[in-house]
Amino acid sequence: MVLDETMSLLEELYEDELKTILIDRVIVGLFFTGVKLSDGSGGVAYTPREDLRDVTCCPAMANARTNRLSFKGMVVADLFRLAGNSSLIDLIILAVMNALSSRFITSERYRVVYDADALDLIPGLLPPTIPGNFPLSSSSGTGKIGMVGAFIPFMKRLKEIPNIDLTVIEQNKASLRPDEMRFYAPTEQASEVLPLCDTAILTGSSIANGTIESLLSYTRPGATVIVTGPTASLLPDALFARNATIVSGVQVTDQDLALDLLAEGLGAYFLFNTCVRKLNIRKG
């Protein structure tokens, strides 16, 4: 599993230091969950609200957080040992792993491209010359694109390309605008659509909701496979081993501001250009 392998890699890299790093602050927001650690690092991850139903009422919360468990002040090594106890704990662990990963996501270790959109790295898809000015080029260089999740900024750019061969696999059909419905496919068709795609764009939230492994298994060898979003800010090794070619996440640059925004119920849009920096890691 991606998360199990990533946790093991972090334990190997940090060694005994994980016994000294504490959780300084936790915010479970409406859209994203954020943590700040005692070493100054921060991480965010998508909040899968449907999966948190087991901890959304008083009796369930009591079962999930036995012995007055408090995340604030907890040693990271102790938190890791609680993996699998509840969806809430696993969510906090994911945000913590994203925070810990930031120390080792460097140009010395990986092929890192900063401050670029994931779309800019797709072969044959030219980036816009200025914001909102999209190239009217043929989509022939991109081949068939499958996107899991209706990323609004991506949709705005891709739908402007004439004759683009795009399929958007989305659980919530209402996420697409009327002029985007021609691209829609239900989630049940992921196993049929993704094997046909030259480029697959997968939402990082699939890491949080546990579907990332199956989605990656549908992609074909040789395709450009992008896992993108703030949740995809962890060490990319396990994703690369499963056919991902680009992992596009964020580096939290202002941990306290990020958590303040999440505490106010704001989403990823408000994090960019204020407290996180885009980063893309290319395989190879």
Quarter of the Cα convex hull surface for the chain, i.e. its orientation-mean projected area (nm²): 14.8
All lysines inside 24 Å of K156 as judged from Cα atoms, apart from same-chain residues fewer than 8 positions distant: K144, K173, K278
12 Å beta-carbon shell around R103, net charge (K/R +1, D/E -1): -2
The chain: most fluctuating residue of M155, M97, M181 per GNM, C-alpha cutoff 10 Å: M181
Gaussian network model of the chain, springs between alpha carbon atoms under 10 Å - residue of L69, L91, L82 with greatest fluctuation: L69
Among beta bridges that DSSP assigns inside the chain, antiparallel share in %, nearest 5: 55
Scattering profile of the range 179-236 at q = 0.24, 0.30 Å⁻¹ [log10 I(q)/I(0), Debye over alpha-carbon scatterers]: -1.07, -1.31
Partners for K72 among lysines (Cα-Cα distance below 25 Å; same-chain residues under 8 apart left out): K19, K36
Estimated distance in nm for a label pair at K283 and R49, the labels positioned 7 Å out from Cα along Cα-to-Cβ: 3.4
In nm, spacing of pseudo-spin labels at E15 and N209 (7 Å Cα→C-beta vector): 4.1
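Readers should treat all values here as calculations from the given coordinates under stated rules, not as data from a laboratory. This is a predicted model, so every value here is computed, not measured. All Cβ positions, even for glycine, are placed from backbone atoms using ideal geometry, and neighbour counts span all protein chains on display.
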